[in-house]
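**Q** I am attaching a structure below and will ask some questions about it afterwards.
What follows is calculated from the coordinates using simple rules that are stated; it is not laboratory data. Only a predicted model underlies this, so the values are computations on that prediction, with no experimental measurement involved. Here the Cβ is made from the backbone with ideal geometry for all residues, glycine too, and neighbour counts use every protein chain on show.
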Amino acid sequence: MEAAALLLLLALALVGVSSTLSFYGDSITFMPLRRKADGTFMVTYHRRQNGINKCESQSSHHCEEGVCTSFTESAVLQTDEDATGQGRWCQSERRTAATIFTNKTSFSLRDSGCCWTSNVEEKTNWTSHAELDLGTRSDSHGLNGCPVTTTVSSLRVPQNCFSRFRLLAHDPDGDDVRCRFAADASAPANFTMDETACALTAAGPVAVGVHVFELQLDDFPRKNITLTYADGSSVLREASDVNAPPLCRVRLQFSMEIVPPIPTCEAGHSRPMFLSQTPSHGDVLYAAVGQEFQLSAQAQAHHTSIHGFQVSGPMNSTKTFKDDQNGKAEVTVRWQPQPADLYRSVPFCFTAETKETQSDMRCVVVVVTQGAVIQGKASVTCSPNKMMVAVEKASMPGIDENYLQLRDSSCSLSSNGTHIVGSMSFSTCGTKLEDQGDFLVFKNEINSFLKPTEVITRRNKVKIDFSCQFLKTISISSYFNLHKSDYIFTESSFGSFGYTFEIFTDSNFTSKVAASAYPVEVKLLEMIYMGIQAESDLPNVNLFVESCKATPDDNPENTLAYDLIKNGCQMDETLKIHPSSQTSFNFEVQAFKFTGNLDQVYITCSVILCEPGSAFSRCAQGCLRNPSRRKRSLNRETVGHYITQGPLRFGVQAVASGTVDDGSPVIKKSDPSAAVNLPPVHPDVKSSEGAWGIRETLNTNISTVVFASAFFVSLVFMAVFVGYFIRKRKAEDRKSLLVSAWDN
């Protein structure tokens, strides 16, 4: 991209800021790019800048001569400011629209200036940069969109409470966004970046004071796409190409003050805690042109008072604050999108403020549409391991139920005469877990969608949020642990169906490793026993495991992966598939680990259910050595769903590390190289268990004797060695004294 980039150098005109330390950070959010019939591009973006006192003095941009045929900027409007009256911080926004004429494949924006607010790193100059690909995407038939991000103006975190700080990283095209420190800006000491989660983390103690951050957000396609350019050329962008340049690159700059430690970091004590009515971080909301949009956030701090909220929002938005006597406070943000905002993705971020500190920052994205978004009437049933949503069809007249899906697009919905129904477990279909102090909340949503081939649509947009909330005081072990087992999905032609994915203690596949034993400690070369069981509302279905692969984390799209089964074919030579029923799949594989400093493995399988009797279903096809693109057998099979189990963690020894579901201890087989000719170990066979314990004891005692003997010999050798040099030194001293006496 950089080789093909045309730099739009934007000259910075500093207006009253060069002599003061007033820059707190900034962000740029792009509207969808448009290509006109004459070959020019319309580029529109909003810049938010954080500072102190007078935020209306935001710098002006000028386009390079000969590149822009037009260049217009709105007035700078202040969107938020310090409510204490001390003028400590403020934020402003400006809209810029430029018509760009270029035959290149990309262009970039750059700005720089002085001066950062006084900071620990002693940085003064800052640089803002954005780079955009100008190709038309084959999946959306439009130009690429850029990651959306921003922050509030002033961030404060107590030193003893900083561990992980989430940032907004939303891509309107659904691309994968990765966050990293900018290449030309060093990271503050002991701050690290989780690139995939876009979260700041601590690698050690962080210093008290103001730190400044210059981050870079890049987006990459999640699937293979073709980009076509104005000159007729095209390029294939493969999702697996880790060396490919990003489709868009934007910079996020902000400052964060690490304040002195506070007595407790417990959310809701002195640090405000958001309540369940507040949108979750990363939620996508909708607003309509010409209609007032409202965003409400509620927070509580039991041992201090909340005096206000910081809100990073668009120009012409307003906020209303109210509190009560119980430490609760609420902010309501109101904004009416204008026609120029149509299709804009607007970031909103907010924090609850106290005198000493503030809450975590929470951010959402508001997408502006042409008409109102329909909010259907839904009821939610919460069970111990799943939730079911039912939406009244009568509450959404004119809605095509075939174009509705859950947050995870692989999960569809079923329907009857009166309701649209979805059923899912708490670990599937994009369900998010949110810790809200006294409650754990599982959230999902029903959204409408467009087909990739659609150029126009006459369907209204639908968005229905639903959730299940559980008090932490009740038993939540089945929800809140590392163990992943129950996966529940819904599809229109199959109704509700689910899978369990378990690790077993032996080849009988009867004793499951208990949830409390996760992560499961294993040893290299021992056999791992795993099983998948399918359940369906339909009486007669077949389970097909199309693929199984290992990854070092629970992300099935991780490029670092090892195939056990691929396209229905066995790939690993140690893999053994055991006979099982038409709805179960049991297998064993010899334990392995990834090279490098990676000590855990997750196993992810893609599974399909088919109705029997169809020769064209994926289940009937079995192993495909040379697979080709095929059309799914409609109403005869489900889509492929990922199910994941793990982690398997590799330690020095593989010994008892938990209990199975029947209360028996988990017994792991030893490394074959360490103990040959041992009988198979089964939790219920006491003699085997005793023999194993005796051998372990003997092995441990022998090792101890050998080590003690070696240690004793080394001590004797060291004593002899030291004694020799002491005697030699004394002899030399006596010789020196005799020579000295002779000379005298």
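**Q** Using a simple spin-label model with points 7 Å from Cα along the Cα→Cβ vector, what separation in nm is obtained for THR595 and ALA394?
**A** Each label point lies 7 Å from its Cα, and together they span 6.6 nm.
**Q** Taking the Kirkwood radius as the inverse of the mean 1/r across Cα pairs, report the Rg/Rh of the range 266-371.
**A** 1.02
**Q** In sequence order, what are the phi-derived ³J(HN,Hα) couplings for the range 583-597 according to the Karplus relation 6.51 cos²θ - 1.76 cosθ + 1.60 with θ = phi - 60°, rounded to whole Hz, with x for glycine and proline?
**A** So the Karplus estimates, Gly and Pro as x, are 10, 9, 8, 10, 8, 10, 8, 6, 5, 8, 9, 6, 5, x, 8 Hz.
**Q** Suppose R0 equals 56 Å. What FRET efficiency, 1/(1 + (r/R0)^6) with r the Cβ-Cβ distance, do MET42 and SER584 give to the nearest 0.05?
**A** That pair, MET42 with SER584, gives E of 0.50.
**Q** Using a 7 Å offset from Cα along Cα-Cβ at ASP537, what residues in the range 400-435 end up with backbone N under 12 Å from the label point?
**A** 413-424
**Q** Beyond 32 Å between alpha-carbons counts as too far, so tell me which of LYS512/LYS566; LYS123/LYS443; LYS443/LYS549; LYS393/LYS512 fall in that bin. Walk me through the intermediate numbers first.
**A** Working: LYS512/LYS566 26 Å; LYS123/LYS443 41 Å; LYS443/LYS549 28 Å; LYS393/LYS512 42 Å.
Those over the limit are LYS123/LYS443; LYS393/LYS512.
**Q** When the dipole is taken about the Cα centre of the range 484-550, and only Lys, Arg (+1) and Asp, Glu (-1) are charged at their Cβ, what size is it in debye, to the nearest 20?
**A** 180 debye
**Q** Turning to a different aspect of this structure: Could you work out the mean projected area of the convex hull around the alpha carbons of the range 47-198, in square nanometres to one decimal?
**A** Spelled out: convex hull of the Cα atoms, projected over all directions, averaged, 11.6 nm².
**Q** Using modelled amide H (1.01 Å from N, peptide plane; none on Pro or chain starts), what sits under 5 Å from the amide H of TRP89, excluding residues fewer than 5 places away?
**A** When sequence neighbours closer than 5 places are left aside, the close amide H contacts are ASN53, ASP82.
**Q** Give me the dipole magnitude in Debye, nearest 20, for the range 266-371 about the Cα centre, with unit charges on the beta carbon: positive for Lys and Arg, negative for Asp and Glu.
**A** So the magnitude is around 140 debye.
**Q** Further, regarding this structure: Apply the Karplus parameterisation 6.51 cos²θ - 1.76 cosθ + 1.60, with θ equal to phi minus 60°, to every residue of the range 154-159 and state each ³J(HN,Hα) to the nearest whole Hz, in sequence, with x for glycine and proline.
**A** Karplus values, whole Hz, x for Gly and Pro: 10, 10, 9, 9, x, 4.
**Q** List residues of the range 128-169, by number, whose backbone nitrogen lies under 14 Å from a label position 7 Å along Cα→C-beta of ARG34.
**A** Zone members listed by number: 143.
**Q** Follow-up. Gain in length, SER138 to ASN103, computed as 0.36 nm per residue apart minus the alpha-carbon separation, to one decimal in nm?
**A** My answer for the length gained is 10.6 nm.
**Q** Give the long-range amide H neighbours of SER106: residues separated by 5 or more places, or on another chain, with amide H under 5 Å away, using H modelled in the peptide plane at 1.01 Å from N.
**A** Result for SER106 returns LEU6, LEU134.
**Q** Continuing with this model, one more query. With θ taken as phi - 60° and the coefficients 6.51, -1.76 and 1.60, list the Karplus ³J(HN,Hα) couplings across the range 600-607 in order, rounded to whole Hz; mark glycine and proline as x.
**A** Taking θ as phi minus 60°, the curve returns 9, 9, 10, 10, 10, 10, 9, 10 Hz for the range 600-607.
**Q** FRET efficiency for SER305 and ALA83, Cβ-Cβ distance as r, R0 = 22 Å, nearest 0.05?
**A** Here the calculated transfer efficiency is 0.95.
**Q** Which value, in debye to the nearest 20, gives the size of the charge dipole of the range 512-647 about its Cα centre, when Lys and Arg are +1 and Asp and Glu are -1 at the Cβ?
**A** 580 debye
**Q** Oh, and also: Just grab the label-to-label distance for THR418 and ASN402, each label 7 Å out from Cα along the Cβ direction, in nm (one decimal).
**A** 2.6 nm
**Q** Measure off 7 Å from each Cα along the Cα-to-Cβ vector at GLU122 and LEU525, then give the distance between these two points in nanometres to one decimal.
**A** Result: 5.6 nm between the two label points.
**Q** Mind listing the long-range amide H neighbours of CYS569? Cut-off is under 5 Å, sequence gap 5 or more, other chains count too, H placed in the peptide plane at 1.01 Å from N.
**A** LEU624
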